[in-house]
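What follows is a short report on a single structure.
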Amino acid sequence: MTKQLSNPFVISGYAGSDNFCDRDPETEKILKSLKNGRNLTLISPRRMGKSGLIQHVFAQSELKDSSRIYADILPTNNLEGLTNVLSNAWIRQSFGSGKRKLSKVLDVLKSFHPVIRIDPFTGLPEVEISARSDVEKSDNLENLFYRIGKEEKPVVIAIDEFQQVLDYPEENIEALLRSSVQQLPMVRFIFSGSRMHLMNTMFTQSKRPFYQSTRMLFLDPIDPVIYSRFITGKFKSGKRTIEPEAVGWLLDWTRGHTYYVQYICNWLYSEGYTRISPAVVSEVSRDILLEMQPVFSQYRRLLAPRQFELLRAIAREGTVKSVLSGSFILAHSLGTPSSVRTSLMAMIEKDMIREFPEGYLVDDVFFSRWLKE
Ligand SMILES: Nc1ncnc2c1ncn2[C@@H]1O[C@H](COP(=O)(O)OP(=O)(O)O)[C@@H](O)[C@H]1O
Ligand SMILES: [Mg+2]
């Protein structure tokens, strides 16, 4: 039985291919890479759909005979954290393959002398592996990779928000990981990350351990023609009509950025509008910004005034080709070029501003729209 979702516009996680729009070429590319023994790096701004795409790839029949391990390492701060997230991801994966497999995996993990708990939400065992020394920490991780690599089936490990390892206090972490990965020729890896400049640095700078070791895939917005068709169809299945101009309006307003598109559609759907015109979408987007007002006011307090002014100036223009040009600085009274440069660097570093071939823009679409108004 397939569970009928009440709202077809998913705004967290993955809810099956029915509610997942396109990404066919990307899915194919990834499957092909995995099949041909190439590891893969998936890069895009936050909320473009990387994690969803990984789940979508994992759900394809081509991988049904592989062990698919998904580890989101965003919450980790060190090597030990990485080992633990990976171990628990392995437990979750093995649980899906039956009791025997689960007890096998638990037996392996017991050799690391973990503390074992039961997760009250999932009812699944959860391990916490501790180490006394740095050497033991890296040994544990290498050992864990080695044990996973000994699975009878082909293994695919997706490490999501991979750039997080750059925050770890341990030295040579990239080299350690690279050598672990190299020792597992039968295991395929997907490294995914949202901090674009960090990911790029790791994989495209010639002196870094992961340099040119993977196929790079940059995830762009979904093709607007295909996305429009998906949106129109989902409303139609729910016995609602969305006018073509309304779809166009919302794809434009959100820059086609997946999460923001999904969010507005989810809202429109849940409000139960039966005929959606551009005016309705515009009203709903205003409601959304209003609801987010407290969050954005908080941003404002957290940012230096100069940084905030710079964000607002960029948001007002939409995309800015040259932030350091005299005319832009003058038009928005931003001060001296050197102070603008400092703010720009800080905002890029924090992923608040993103650089595109067309220019710079404020990364968070809703924040950008709010700043403009
Ligand atoms: N192809 C898609 N079709 C429909 N919704 C999607 C698609 N890709 C992602 N989403 C949704 O968009 C949101 C952001 O996607 P996510 O995969 O979390 O982005 P990222 O990992 O790049 O930050 C999620 O709520 C997800 O459910
Ligand atoms: Mg993600």
Carbon plus sulfur fraction of accessible area for segment 308-369, probe 1.4 Å, in percent: 56 percent
Read phi for every residue in segment 170-175 and hand back ³J(HN,Hα) as whole Hz from Karplus 6.51 cos²θ - 1.76 cosθ + 1.60, θ = phi - 60°, with x for Gly and Pro. 5, 7, 6, 4, 5, 5
For segment 223-302, what is the accessible area per residue in Å², given a 1.4 Å probe and the full set of protein chains? 52 Å²
Where only protein heavy atoms count, and the probe is 1.4 Å, what is the accessible area per residue for segment 303-373 in Å²? 50 Å²
Once you have all Cα-Cα distances for segment 223-302, histogram them in 10 Å bins from zero and send the whole-percent values. 18, 52, 22, 8, 1
Restricting things to Cα coordinates, could you compute the convex hull volume per residue of segment 303-373 in Å³? 79 Å³
20 Å Cα-Cα reach of Lys239 towards aspartates and glutamates, excluding residues that sit fewer than 8 places from it in its own chain: Asp18, Glu271
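For the chain, give the share of DSSP beta bridges that are antiparallel, in percent and rounded to the nearest 5; count only bridges with both residues there. Don't jump to the answer; show the numbers that get you there.
Numbers: 9 of 31 bridges.
Of all bridge pairs located within the chain, approximately 30 percent are antiparallel.
Can you quote the Å³ per residue value for the convex hull of the Cα atoms in segment 23-218, rounded to an integer? Working shown, then result.
Numbers: hull volume 23.1 nm³, N = 196.
Residue-normalised Cα hull volume stands at 118 Å³.
All other residues with a Cβ under 9 Å from the Cβ of Leu166 taken together, and with Lys, Arg as +1 and Asp, Glu as -1, what is their net charge?
Numbers: positive: Arg195; negative: Asp167, Glu174.
Value of the local net charge: -1.
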Work out, step by step, the length gained on full extension between Ser206 and Ser130: first 0.36 nm times the residue separation, then minus their alpha carbon distance; give nm to one decimal. 24.0 nm
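Helix-only estimate, please: 222 nm mean residue ellipticity of the chain, summing -39500 (n - 2.57) across DSSP H runs of length 4 or more and dividing by its residues, to the nearest 500.
Working: 15 runs with 188 residues, N = 373.
For the chain, the value works out to -16000 deg cm²/dmol.
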Using each residue's phi in segment 108-124, evaluate 6.51 cos²θ - 1.76 cosθ + 1.60 at θ = phi - 60° and report the 3J(HN,Hα) Karplus result to the nearest Hz, with x for Gly and Pro. 4, 5, 4, 5, 8, 6, x, 7, 10, 10, 9, 5, x, 7, 9, x, 8
May I ask for the percentage of alpha-carbon pairs in the chain that lie more than 26 Å from each other? 59 percent
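What's the local net charge at Asp65, with K and R +1, D and E -1, over the other residues with C-beta under 14 Å away?
Surrounding charge for Asp65 is +3.
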Proximal lysines relative to Lys110, as straight alpha-carbon distance under 21 Å, when same-chain residues fewer than 8 apart are discounted: Lys99, Lys101, Lys137, Lys150
Cα to Cα, under 22 Å, and not fewer than 8 places away if on the same chain: which lysines meet these conditions relative to Lys372? Lys321, Lys350
Give the calculated FRET efficiency between Thr336 and Asp18 to the nearest 0.05, with a Förster radius of 51 Å applied to their Cβ-Cβ distance. 0.40
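The values are calculated or read from the model by the stated rules, or taken from the named source; none is laboratory data. In this text, all values refer to a predicted model and were calculated from it rather than measured experimentally. Here the Cβ is made from the backbone with ideal geometry for all residues, glycine too, and neighbour counts use every protein chain on show. Remember, those area values only see protein heavy atoms, side chains included, never the ligands or the DNA or RNA. Shrake-Rupley method; radii C 1.70, N 1.55, O 1.52, S 1.80 Å.
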